[in-house]
Amino acid sequence: MFNGPTQYASDVDSIMFFIIAVSVGFLVIVTVAMIYFIFRYNKKRHPQARDVKESAILEVVWIAIPTILVLFMFYFGLQSFYGIREIPADASNIKVIGRMWQFSYAYPNGKKSDTLFLAKGKNYKLDLITTDVNHSFFIPAYRIKEDLSAGKTNYMVLKPAETGEFDIACSEYCGLNHSKMYSKLIVLEENQYNEWLNQGINKNTDSTKTTNAAEKK
Amino acid sequence: MNKSADASNYVSYLDYKGKHTGIWAWLLSTDHKRIGLMYLMGIIVFFTAGMTLGALLKTEMLTAGRTIMDPQTYNAVFTLHGIIMIFLVIIPGIPAAFGNFFLPIMIGAKDVSFPRLNLLSFWLYIIGGVLALSSLFLQGGPIDVGWSFYVPYAIRTNSNVSLALFAAFILGFSSILTGLNFVTTVHRLRAPGMTFFKMPLFIWALYSTAWIQVIATPVVGITIVLVILERMFGIGIFDPALGGDPILFQHLFWIYSHPAVYIMILPAMGVVSEIIPTFTKREIFGYKAIAYSSLSIAFIGYFVWAHHMFTSGMSDIARAVFSLFTFLVAIPSGVKVFNWVATMYKGSIDAKVPFLFVAMFIVLFSIGGLTGLVLGNLATDIHVHGTYFVVAHFHYVMFGGTVMILFAALHYWFPKMFGKMYNEKIAKFALVFIFIGFNTMYFTMFILGYQGMPRRYWDYLPEFHNLQFISAIGAFIMVTGFLILIFNLLHGLLKGPKAEQNPWGGVTLEWTVPSPPTIENFDEIPVIEHGPYHIYKEGQIK
Ligand SMILES: [Cu+2]
């Protein structure tokens, strides 16, 4: 139903749609009923309150229906979340290193960059490491984030389905320039990507620095 | 003069002359009503301070980059806004102010079980509040860690974290002692004949809350001591650089702070369950369902804390378990909302100001609760975690829930507490401003959050500008509404007409005593034969 830059992002949007639809349903029922009662049973129109019998059936119904609905929500969320926790056998490992207040990336062949480059259609496992306080690695377009937690290594699995540029933000408060801790994800076609990956590898310089590092403003 | 009071003997608690005179007659009073009133003043003052800070934050968000303050100031302001609103306004809020004032009266007692301890709680509250605010002006500068004090940042920052933590520690004790006092009072001082199931629902809510306060608060107290030790003596507990574990801090923090969410909301739910019967002239629908849902919220609420940590790298099994419990804790809250609305069915509704605040609460709290489903769900939470979505959600629950009911309670019990009446038209006017401002401000934040706007950001990307701007305008509308509300109440207090003993036709015990009540509450302790709302059943109400 939704078309995101990854399969997972589309799934998250679908689940969100389901939850919001159910929520709007409940909200409308509650609000409309309340407003109707306030007018229909207004003191002027309805001077004598009537006793209404307690209803065990009603209580059971409005416990049971929401319970079933939330169990579905729970299940959909769990299923889709577990999908991105399994590490595919062919995933390449990239290190994400956070420090106050920037992200940097280290690739398996020793290359380093300030912008995350990935190839379309490939599986990746990102190892998330912080050198100081907690940060969180958030790619809004991918509907995904995971903390860089001091003292341990967390991971994240992703598979870009489209080429393009995407924002990366730090979403765990980390002090003075927390709001400047933006980075970029650039997804390339596989052949372009390989070219980029092997470019200047032995010089160990950051070829992307000039073009990408400080454009966040 | 009040009809039930013997004109010659009647001295209200406001005029009562005891051992002390002047200001000391208040500051050293062990009367639960005076203590409740002092809490109320403190809470309104701190709320005004917190709201001013909030308005400054919103002003900064009018434009990207610097509008009125630099990032260090912004970080300190949102930290202080959070600490004030959570620890000084919402947690003590309804129980300390209205609980103190009305719990003894509503169960037919002359005071709480331990009046002196009650005064001590109040003093601890004031000392904690002053310490928290003084960290603004002392060396080291205002703290900049967020109200959640996440380590390792809280260990490493140079700002005055220890002092603010110590303040929270003291406030925790205030909360524990009040809880202890309420539990004992409910068990020991109910009027003859008042069994548990004949208690008003507000008392049920205070009782459930008191247990959470007593059981959960010590955990945060210990955690705070550990952080202070770590900062001062470098003992490695939470900071991995010293061999500690920062995730442990998050667990300990949320083991308290999640149940604390229920400390904040349960008393409000209790007030709602009082106001609705009074203005619909109906027995609350599903009295037992509501009482049990309070207890089950208090219980299940202990097993959901780690939904604040879905992105912190917990095991996947833990994430699943906490997600499941989080969804389950939504059910009793839903049950309450359904029962409240059902109570209006075939009632005789008099939509006065307190009732309108409750109606507004039902809408805002439902939005808050339902968006909580997005946060309980693993897939969607991972996306909106740490964004404006979360900020919007908890403001709908805490502000749209607890604070709106604080306002409702204020308008409901104002005539009883002060024996004066406010202008109802102006109060409704204020309410409309608040409702419009609130939704303009916070609903846009749901959208911003889903679009990926992280919270606690001094700056933002250009694409967020329009919504940020609209949200800030909403904040200004809401502040206007609040100012109208407060001035209307102050005006009523000073110049308002005398209030009757029972202006709303309420049926709980506080409406059987004069407005304002005497120092001893009752000339004669009442004997209880029926539950409070029983009277509606017999159709005795005109
Ligand atoms: Cu960061």
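The values are calculated or read from the model by the stated rules, or taken from the named source; none is laboratory data. Just so it is clear, the structure is predicted and the values come from calculations on it, not from any experiment. Cβ atoms come from the backbone with ideal geometry, glycine included; neighbour counts cover every protein chain shown. Keep in mind that these areas ignore ligands, DNA and RNA; they rest on the heavy atoms of the full protein, side chains included. Shrake-Rupley method; radii C 1.70, N 1.55, O 1.52, S 1.80 Å.
Screening B:Ala164, B:Ala210, B:Ala241 for residues that are open to solvent by 40 Å² or more (accessible area, probe 1.4 Å) and small (Gly, Ala, Ser) leaves exactly one candidate, B:Ala241. Within region B:386-408, residues that are over 21 Å from B:Leu431 (Cα atoms) sit with their Cβ atoms under 6 Å from residues that are in a helix (DSSP H, G or I) and open to solvent by less than 20 Å² (accessible area, probe 1.4 Å), at 6+ positions apart or across chains, in these pairs: B:Thr387/B:Gly449; B:Tyr388/B:Met445; B:Tyr388/B:Leu448; B:Tyr388/B:Gly449; B:Phe389/B:Phe446; B:Phe389/B:Gly449; B:Val391/B:Met445. Condition check for A:Arg85 on (1) away from the ligand (no atom under 15 Å from the Cβ); (2) over 30 Å from B:Val329 (Cα atoms); (3) open to solvent by less than 70 Å² (accessible area, probe 1.4 Å); (4) assigned to a loop (DSSP other than H, G, I, E, B): one failure, at (2). Counting only helices (runs of 4 or more DSSP H) that sit completely within region B:31-150, those holding 2 or more residues that are among the hydroxyl-bearing types (Ser, Thr, Tyr) correspond to B:32-60, B:71-83, B:115-134.
Suppose we keep only residues that are modelled with pLDDT of 90 or more and exposed (fewer than 12 other Cβ atoms within 10 Å of the Cβ) within region A:191-217. Which one would you say is nearest to the ligand (Cβ to nearest atom)? Once the filter is applied, the top-ranked residue is A:Glu195. For region B:318-341, the tally of residues that are touching a residue at least 24 places away in the same chain (Cβ under 8 Å), more than 18 Å from A:Ser23 (Cα to Cα) and surrounded by fewer than 22 Cβ atoms within 10 Å (Cβ to Cβ) stands at 2. Only a single item in (1) surrounded by fewer than 18 Cβ atoms within 10 Å (Cβ to Cβ); (2) within 16 Å of the ligand (Cβ to nearest atom); (3) outside any strand (DSSP E or B) is not met by A:Ile97, and it is number (3).
With respect to (1) at the interface with chain A (Cβ under 9 Å from one of its Cβ atoms); (2) at pLDDT below 90; (3) open to solvent by less than 10 Å² (accessible area, probe 1.4 Å), the lone exception for B:Ala306 is condition (1). Spot the failing condition for A:Ile129; the list is (1) away from the ligand (no atom under 16 Å from the Cβ); (2) of a type outside the set (Asp, Glu); (3) touching a residue at least 24 places away in the same chain (Cβ under 8 Å), and only one is missed. Checking A:Ile129 against (1) away from the ligand (no atom under 16 Å from the Cβ); (2) of a type outside the set (Asp, Glu); (3) touching a residue at least 24 places away in the same chain (Cβ under 8 Å), the one that fails is (1). Does region A:100-110 contain any residue that is more than 14 Å from every other protein chain (Cβ to nearest Cβ), outside any loop (DSSP other than H, G, I, E, B) and more than 16 Å from the ligand (Cβ to nearest atom)? For region A:100-110, residues more than 14 Å from every other protein chain (Cβ to nearest Cβ), outside any loop (DSSP other than H, G, I, E, B) and more than 16 Å from the ligand (Cβ to nearest atom): present. Does any residue of region A:180-194 turn out to be at the interface with chain B (Cβ under 7 Å from one of its Cβ atoms) and free of Cβ contacts under 8 Å to residues at least 40 places away in the same chain? No, there is no match, as no residue in region A:180-194 is at the interface with chain B (Cβ under 7 Å from one of its Cβ atoms) and free of Cβ contacts under 8 Å to residues at least 40 places away in the same chain. Scanning region B:316-337 for residues that are under 20 Å from B:Phe299 (Cβ atoms) and within 7 Å of another protein chain (Cβ to nearest Cβ) yields a count of 8. Can we say B:Thr59 is loosely packed, with under 15 Cβ neighbours inside 10 Å, of a type in the set (Val, Ile, Thr) and under 29 Å from B:Ser134 (Cα atoms)? No. Which ones in region A:129-159 are facing another protein chain (nearest Cβ under 7 Å) and outside any strand (DSSP E or B)? Result: A:Val133, A:Asn134, A:Pro140, A:Arg143, A:Ser149, A:Ala150, A:Gly151, A:Lys152. Can you find, within region A:8-63, the residue that is farthest from the other protein chains (Cβ to nearest Cβ) among those that are polar (S, T, N, Q) and part of a loop (DSSP other than H, G, I, E, B)? Here the residue is A:Ser55. Taken together, A:Leu176, A:Leu118 contain a single residue that is at negative phi and either more than 16 Å from the ligand (Cβ to nearest atom) or in a strand (DSSP E or B) (or both), which is A:Leu118. Among the candidates B:Ile426, B:Ile382, B:Ile349, B:Ile362, the residue that is open to solvent by 10 Å² or more (accessible area, probe 1.4 Å) and out of contact with any Leu (no Cβ under 6 Å at 6 or more places or on another chain) is uniquely B:Ile426.
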